[in-house]
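Novice: Got a structure for you, questions after.
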Ligand code: G3H
Ligand code: ZN
């Protein structure tokens, strides 16, 4: 069934677990997330990013309707979330497209600008019954992001960790329902080599009353993910790992059978590989 992200996150938090959120690009991604969640016996979040909406011609309706239909048809509790929204126009289209939650991403802005833009997004979201996540600090690594700067004086440059005192003030000033923080992960990693700052996760958990969100979790090893959940991370965002599984399976099939023409020949193993990846992340974070 289709449920709310806020509901899944609250339930996971109360049980001391995490809940994983997976990025949907194609219909097969959504089907694989549902299959993986059913296999693992847990809920999950299906999230569509602003970049994915752009891939679908800038139209939010079709990918959202497909993902919501997959969620409704599934035995697992699945939520529909709009991820990394920078455009206020897209934010405004979210409630009608069926999203119960959104991550509004003003993390590129300096602190005051981030607070102002996010507070306005939260007011809009709450007026329309949406659960709103936002980011403070810069996880970095998204397409177009500059490389992390070392020793920078700019507290909002990519890769710069979230400051607990600033996080406390930010949550109070914006009214967000969940906070994405920079604690050592980075987007789009294809190897699982990230090392997280677990002391900082603990400090952030004590500093803010809302659940914490880990972005760029594809690059985080299982043991680090378990520790992150134990120290206070609740929503665990995974995107690239599904694409690594998808593309690896397509490549292997096409190498094995260069005469394949019907896309089902390679999309079937691709969807299965993604479902296995989903189930594996869910088993790590949701118990
Ligand atoms: O918001 C989405 C996640 O942060 C995905 O990051 O592709 O590095 O796993 P990832
Ligand atoms: Zn992210």
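Residues are listed down the side, and each one gets a yes or a no for (1) within 16 Å of ligand 1 (Cβ to nearest atom); (2) modelled with pLDDT of 95 or more; (3) on the phi > 0 side of the Ramachandran plot; (4) surrounded by fewer than 16 Cβ atoms within 10 Å (Cβ to Cβ):
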position	(1), (2), (3), (4)
183	yes, yes, no, no
190	yes, yes, no, yes
193	yes, yes, no, yes
198	no, yes, no, no
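Novice: Quick one: which helices (runs of 4 or more DSSP H) sit completely within segment 1-115 and have at least 1 residues that are under 19 Å from residue 278 (Cα atoms) and more than 14 Å from the chain's Cα centre (by Cα)?
Specialist: By residue number, 5-15, 27-40, 61-73.
Novice: Now for a separate question. Against the definition (in contact with a strand residue (DSSP E or B) (Cβ under 6 Å, 6 or more places away or on another chain) and surrounded by fewer than 21 Cβ atoms within 10 Å (Cβ to Cβ)), how does residue 59 come out, yes or no?
Specialist: Taking the combined requirement at face value, the residue does not satisfy it.
Novice: Give me the pairs: first residue in segment 65-85 and over 15 Å from residue 28 (Cα atoms), second residue more than 16 Å from ligand 1 (Cβ to nearest atom) and assigned to a strand (DSSP E or B), beta-carbon distance under 8 Å, and six or more apart or on different chains, which are they?
Specialist: Short answer, once both residue conditions are applied: 72/2; 77/3; 78/2; 78/3; 79/2; 79/3; 80/2.
Novice: Right, something else. For the structure I just gave you, tell me whether residue 36 is out of contact with any helix residue (DSSP H, G or I) (no Cβ under 8 Å at 6 or more places or on another chain) and touching a residue at least 60 places away in the same chain (Cβ under 8 Å).
Specialist: In short, no.
Novice: Return the residues of segment 200-219 that are assigned to a helix (DSSP H, G or I) and surrounded by fewer than 17 Cβ atoms within 10 Å (Cβ to Cβ); say none if nothing qualifies.
Specialist: Within segment 200-219, 202, 206 meet the criteria.
Novice: Right, here's the next one. Taking segment 234-250, which residues are within 12 Å of ligand 1 (Cβ to nearest atom) and part of a strand (DSSP E or B)?
Specialist: 235, 236, 237, 238
Novice: Sticking with this one: Can we say residue 216 is at pLDDT 95 or above, closer than 23 Å to residue 86 by Cα and touching a helix residue (DSSP H, G or I) at 6+ places or on another chain (Cβ under 6 Å)?
Specialist: It is false that residue 216 is at pLDDT 95 or above, closer than 23 Å to residue 86 by Cα and touching a helix residue (DSSP H, G or I) at 6+ places or on another chain (Cβ under 6 Å).
Novice: Do we have any residue at all in segment 220-232 that's in contact (Cβ under 8 Å) with a residue 12 or more places away in the chain, surrounded by 17 or more Cβ atoms within 10 Å (Cβ to Cβ), outside any helix (DSSP H, G or I) and within 13 Å of ligand 2 (Cβ to nearest atom)?
Specialist: Yes; the residues of segment 220-232 include at least one that is in contact (Cβ under 8 Å) with a residue 12 or more places away in the chain, surrounded by 17 or more Cβ atoms within 10 Å (Cβ to Cβ), outside any helix (DSSP H, G or I) and within 13 Å of ligand 2 (Cβ to nearest atom).
Novice: Any chance segment 208-218 includes a residue that's within 19 Å of the chain's Cα centre (by Cα), farther than 24 Å from residue 278 by Cα and away from ligand 2 (no atom under 16 Å from the Cβ)?
Specialist: Yes, some residue in segment 208-218 is within 19 Å of the chain's Cα centre (by Cα), farther than 24 Å from residue 278 by Cα and away from ligand 2 (no atom under 16 Å from the Cβ).
Novice: Can you pull out the residues in segment 45-78 that are under 19 Å from residue 178 (Cα atoms) and more than 14 Å from ligand 1 (Cβ to nearest atom)?
Specialist: 78
The values are calculated or read from the model by the stated rules, or taken from the named source; none is laboratory data. Note that this is a predicted model, so its numbers are computed, not measured. Note that we place each Cβ from the backbone using ideal geometry, even for glycine, and neighbour counts take in every protein chain shown.
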